[in-house]
Amino acid sequence: MKRLVIFDLDGTLLNTVADIAAATNHALAANGYPTHSVDAIRSFVGNGINKLFERALPEGHKDEAEVLRIRASFVPYYNEHGAERTVPYPGIPELLTALQAHGLKLAVASNKYQEATLGLVAHFFPSIRFEAVLGQRREVPSKPNPRIVEEICALSGTERPDVLYVGDSGVDMETAANACVEVVGVTWGCRPRTELERYHPDWLVDRADEILPIALQQRN
C-alpha cells in the first residue's frame, strides 16, 4: 500500500480550463492582443502561466516583458474570478475522502502559481487534510523538474517507493519519472490519451474510482 498520493491540480483534481481561458482572454484583450478559444487555451496549459502567456501571445510578441505584462493583468482577475466556472472532476471529492479514510497522506503539486493553488484547494476541498499544497514559486523550478515532489516527500516524511503520483499530462508523467515514483495517468484532463501513452505510465485510468485500489494494493 502506498503512504502518500500526490496529485496534479489543473486537469487532474479540478477542471479549471474555462476560468483560465476567461482570465487569459481578459488579460490579452486588456493589452490589445487577440483572444483564443477555450480549446486552444486548453492546449497551452501545463507548464505554468508564464509559458501559457508565451504560447497565447502572437509571434513577435513573446518576449519576457510582454509575458510579464499579460501576467500583471491576469493574476488579479484570476484571483477574483478563478473559481466561478471551475469544478472538481467526477468522483474526485469521493476519492480524496476515501484515500484519507484509509490513512493515506495526500498532497498537491502544481505548476499553477502558489497563491491560486492554495486558494482553489482550500475552496474546493476544505475537509481534506493535505500534507502539502505546493504550486509554482519563484525559487523552485517548475515540473517536470522533480524538486516539488522531493520537497513534498521531505515535508511528509515519505520515501519514494511509498509515493503514488497522479497527473493528466506528459509534464506529469515526466515529473514522476524524474522523481523516480510510480505514476497514474488520468484521461479526463487537458491532454489526450495518446500523449500519456507515449510516457508508458504505470497505470492509465478513465475514472477517479480506479485510483483507490491502485493506491491500496499490496506490494509483491
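Using the structure shown, decide if R138 is open to solvent by 40 Å² or more (accessible area, probe 1.4 Å), within 25 Å of I20 (Cα to Cα) and of a type in the set (D, E, K, R). Explain how you work it out, then say what you get.
Values: open to solvent by 40 Å² or more (accessible area, probe 1.4 Å): yes; within 25 Å of I20 (Cα to Cα): yes; of a type in the set (D, E, K, R): yes.
The answer is yes for R138.
May I ask you to verify whether L164 is open to solvent by 20 Å² or more (accessible area, probe 1.4 Å), under 16 Å from the mean Cα position of the chain (by Cα) and under 15 Å from F7 (Cβ atoms)?
On the way: open to solvent by 20 Å² or more (accessible area, probe 1.4 Å): no; under 16 Å from the mean Cα position of the chain (by Cα): yes; under 15 Å from F7 (Cβ atoms): yes.
It is false that L164 is open to solvent by 20 Å² or more (accessible area, probe 1.4 Å), under 16 Å from the mean Cα position of the chain (by Cα) and under 15 Å from F7 (Cβ atoms).
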task: Scan the range 167-206 for residues that are within 19 Å of V149 (Cα to Cα), among the charged types (D, E, K, R) and part of a helix (DSSP H, G or I) and jot them down.
output: D172, E174
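Inside the range 41-147, counting only helices (runs of 4 or more DSSP H) that do not spill past its ends, which hold 2 or more residues that are on the phi < 0 side of the Ramachandran plot, touching a helix residue (DSSP H, G or I) at 6+ places or on another chain (Cβ under 6 Å) and in contact (Cβ under 8 Å) with a residue 12 or more places away in the chain?
Details: elements: 49-56, 64-81, 92-101, 114-124.
Output list reads 49-56, 64-81, 92-101.
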query: Do you know which residues across the range 41-57 are open to solvent by 30 Å² or more (accessible area, probe 1.4 Å) and either modelled with pLDDT of 95 or more or of a type in the set (D, E, K, R) (or both)?
result: R42, K51, E54, R55
- prompt: Can you find even one residue in the range 171-180 that is touching a residue at least 60 places away in the same chain (Cβ under 8 Å) and open to solvent by 70 Å² or more (accessible area, probe 1.4 Å)?
  reply: no
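Among the residues of the range 115-142, write down those that are of a type in the set (D, E, K, R) and under 26 Å from L216 (Cβ atoms).
Step one: list which residues in the range 115-142 are of a type in the set (D, E, K, R), which gives 115, 129, 131, 137-139.
Within the range 115-142, R129, E131 meet the criteria.
The values are calculated or read from the model by the stated rules, or taken from the named source; none is laboratory data. The structure displayed is predicted, hence computed values, not measured ones. All Cβ positions, even for glycine, are placed from backbone atoms using ideal geometry, and neighbour counts span all protein chains on display. The area values use the complete protein model at the heavy-atom level, side chains included, leaving out ligands, DNA and RNA. Shrake-Rupley method; radii C 1.70, N 1.55, O 1.52, S 1.80 Å.
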